[in-house]
Amino acid sequence: MFVDWSAVGVYLVLGLIPKIRFLGAFASPIFFFLGIYALMPGLDHHDPDGEITKNWAVSLHAVLILVSYGSFGLCAVASCMYLIQERHLKKHNISAILSVLPPIQRLEAVAGKLLIGGLVLLTLGLALAPLIVKDKENLVFYEDAKILWSMLVWAAYAVIVAARWKWLFGGKRLAWCLIAGFIFLILTFSATNMMSDLHR
Amino acid sequence: MSIIVVGISHHSSSVSVRERFAFAESEIDDVLRSLTDRGLAQESVLLSTCNRVELYVSTRLPATEALHAIKQFLIENRQYQDVIQDEIYCHANPSSVEHLFRVASGLDSLVLGETEILGQLKKAYHLAMEMKFTGGRLNKVFQKAFNVAKYIRSNTGIQRGSTSVGSVAVELADKIFDGLKGRRVMVIGAGDTSEKTARSLLSRGASEVAVTNRSYERAEELAGNLNGRAVPFQEWEAEFEELDIVISSTSAPTYVLDRARVEKLIRPRKSRPLLLIDIAVPRDIDPEINELDNVYVYNIDHLQSIAQDYLEQRQKEIDTCEAFIKEKVEEVLGSLNPPGHAAKDGPMIQADAREAG
């Protein structure tokens, strides 16, 4: 649910920029279904010990990371719109012109900026992790599923950003990578939480 | 009081007849004054464009008499001595008002839904108003016509889309690039359509047009027309990396751009999109190039098909527009002829050569 709200929050801020406002039309159904998904029993747990709310580092860690997921979600939305419009253009459909979708170059630029924003937030959130676990003895980080998963997600998005910067990686391939990345993230998020002693 | 329109348009006559009836702006004052002095009109507006010449008149004369007299006036004023068949049409209200609303909305134009006519009509009206040839009746009717045109433009699809190859190309570019400002265009070859397409792109902000042609003189000539620069035909590939849009229109019998060549040329571009417009027949650009990532190839058939689709969409809107126009005609005539006043409406009359004599 927090991922859903964080995506909405990111959109509400970015939506102040007229050129990015278009994302709302496509993002709204996704936010809606994410919200329904989040209502599934057992996905979200209460915090009986108050560890999250009493420890500022834990709160900030969670907020930054979940907002970054929201940013990756909007990234995926922009990428979907890119692929739809790109297909219309390749097929020489009049829909390419009649559609209300913005130009594909703008869609790619927006996805790129959201990608960088998301990665920065994720990096900051993960950087707080050592502060949180410093008192936990006998913690072997590579045995915790969530930590490994987080490193994998960070690495995947970092590679995409590096490829974009170094080789101007873009177009359809970028769009598919961003969509696949977010789908992987959202489908495995809860499962890795359950497998992690630290995050359960 | 009748509202009359007498005119000639691309529907009723060829350009060789229309041009004999055209009026320069400097003549309008004299013509309308003469119309008024002869008692044929209490109010009048003259519209003269490349596709139509129309006199809109509010007159105290009975409709039938007014139609005949104004038609004769037009013929004599232009000193037209050839036989007139059906070239000149005449309408009295309500048809005259309906005609005006249709003209203002672009429903009577050569290209259905075009918007230029509204500006021309406004100009003609304001000119007549400044010269004090309009009054309460024509002011009301013309203002209503402009409102009807605005409503139709905003609420129907009659003016939607582009119906020329050049403007379709611009719309495509708009859907690929984030703004056309600063985009670089190259024209390979020469031709009317490629020149018009380049002009359309320039008018929307494309910053530079480079022209290349086997004949460097021809390239220079076209570049001069477009405020661009000529590039020798052997050197145009060197420019490819920086281009955004290429318009090709040569008379080459084989592909100027084949897939292998373009694959090599686009490598330095990374993932920057490229729009290739092929206006030539036979085609200059290998259609397989469209399969490459970030490259979009549109040939003349694609562009014309899109333009045709737009036209068909506009056609579908006609009934909606006509129904709205009928409603507004009744409204405005009702306000000009409130209950209790005898209506001076006359029938729609199509001029007849024998009647004119």
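The values are calculated or read from the model by the stated rules, or taken from the named source; none is laboratory data. Here the structure is a predicted model, which means the values were calculated and not measured. All Cβ positions, even for glycine, are placed from backbone atoms using ideal geometry, and neighbour counts span all protein chains on display.
Residues in segment B:265-304 that are in a helix (DSSP H, G or I) and among the hydroxyl-bearing types (Ser, Thr, Tyr): 0 in all. From B:Gly119, B:Gly136, grab the single residue that is under 14 Å from the mean Cα position of the chain (by Cα), away from chain A (no Cβ under 14 Å), of a type outside the set (A, V, I, L, M, F, W, C) and surrounded by fewer than 17 Cβ atoms within 10 Å (Cβ to Cβ). So the residue among B:Gly119, B:Gly136 that is under 14 Å from the mean Cα position of the chain (by Cα), away from chain A (no Cβ under 14 Å), of a type outside the set (A, V, I, L, M, F, W, C) and surrounded by fewer than 17 Cβ atoms within 10 Å (Cβ to Cβ) is B:Gly119. The condition (being over 30 Å from B:Phe324 (Cα atoms), touching a Phe, Trp or Tyr at 6+ places or on another chain (Cβ under 8 Å) and crowded, with 17+ Cβ neighbours inside 10 Å) is satisfied by just one residue among B:Ala230, B:Ala145, B:Ala173: B:Ala230.
Looking at B:Ile84, B:Ile4, B:Ile70, B:Ile8, just one residue is modelled with pLDDT under 90 and touching a helix residue (DSSP H, G or I) at 6+ places or on another chain (Cβ under 8 Å), and that residue is B:Ile84. Note on segment B:159-264: enclosed strands (runs of 3 or more DSSP E) holding 1 or more residues that are within 30 Å of B:Tyr310 (Cα to Cα) are B:184-189, B:208-213, B:245-249.
Checking the stated criteria, B:Val329 turns out to be assigned to a helix (DSSP H, G or I) and either under 26 Å from the mean Cα position of the chain (by Cα) or away from chain A (no Cβ under 14 Å) (or both). Any residue at all in segment B:13-30 that is over 23 Å from the mean Cα position of the chain (by Cα), in contact (Cβ under 8 Å) with a residue 24 or more places away in the chain and either surrounded by fewer than 17 Cβ atoms within 10 Å (Cβ to Cβ) or not assigned by TED's automatic domain parsing to the domain that holds B:Gly136 (or both)? Among the residues of segment B:13-30, at least one is over 23 Å from the mean Cα position of the chain (by Cα), in contact (Cβ under 8 Å) with a residue 24 or more places away in the chain and either surrounded by fewer than 17 Cβ atoms within 10 Å (Cβ to Cβ) or not assigned by TED's automatic domain parsing to the domain that holds B:Gly136 (or both), which makes the answer yes.
Would you mind finding the one in B:Ser167, B:Ser154 that is among the polar types (S, T, N, Q), within 14 Å of chain A (Cβ to nearest Cβ) and more than 27 Å from B:Ala24 (Cα to Cα)? Answer to the check: B:Ser167. Here B:Ile152 fits the description: in a helix (DSSP H, G or I), surrounded by 24 or more Cβ atoms within 10 Å (Cβ to Cβ) and at pLDDT below 95. Scanning segment B:19-30 for residues that are in contact with a strand residue (DSSP E or B) (Cβ under 6 Å, 6 or more places away or on another chain) and part of a helix (DSSP H, G or I) yields B:Phe21, B:Ile28.
Checking every residue in segment A:54-71 against the condition of being modelled with pLDDT under 80, within 14 Å of chain B (Cβ to nearest Cβ) and part of a helix (DSSP H, G or I) gives zero matches.
Say we look at segment A:93-126 and pick out the residues that are of a type in the set (D, E, K, R) and within 21 Å of B:Leu180 (Cβ to Cβ); which of these is farthest from the other protein chains (Cβ to nearest Cβ)? Result: A:Glu108. Tell me, yes or no, whether segment A:138-159 has at least one residue that is within 14 Å of chain B (Cβ to nearest Cβ), under 19 Å from the mean Cα position of the chain (by Cα) and either modelled with pLDDT of 85 or more or surrounded by 20 or more Cβ atoms within 10 Å (Cβ to Cβ) (or both). So far as segment A:138-159 goes, no, none of its residues is within 14 Å of chain B (Cβ to nearest Cβ), under 19 Å from the mean Cα position of the chain (by Cα) and either modelled with pLDDT of 85 or more or surrounded by 20 or more Cβ atoms within 10 Å (Cβ to Cβ) (or both).
Within segment B:284-294, being surrounded by fewer than 21 Cβ atoms within 10 Å (Cβ to Cβ) and either in contact (Cβ under 8 Å) with a residue 60 or more places away in the chain or more than 7 Å from chain A (Cβ to nearest Cβ) (or both) holds for B:Asp286, B:Pro287, B:Glu288, B:Glu291, B:Leu292. The residue pairs whose first member lies in segment B:259-281 and is within 14 Å of chain A (Cβ to nearest Cβ) and under 19 Å from B:Ser194 (Cβ atoms), whose second member is in a strand (DSSP E or B) and aromatic (Phe, Trp, Tyr), and whose beta carbons are closer than 6 Å, counting only pairs six or more residues apart or on different chains, are B:Leu275/B:Tyr296; B:Ile277/B:Tyr298. Restricting attention to segment B:40-84 and to residues that are polar (S, T, N, Q) and within 25 Å of the chain's Cα centre (by Cα), the residue that is surrounded by the most Cβ atoms within 10 Å (Cβ to Cβ) turns out to be B:Ser44.
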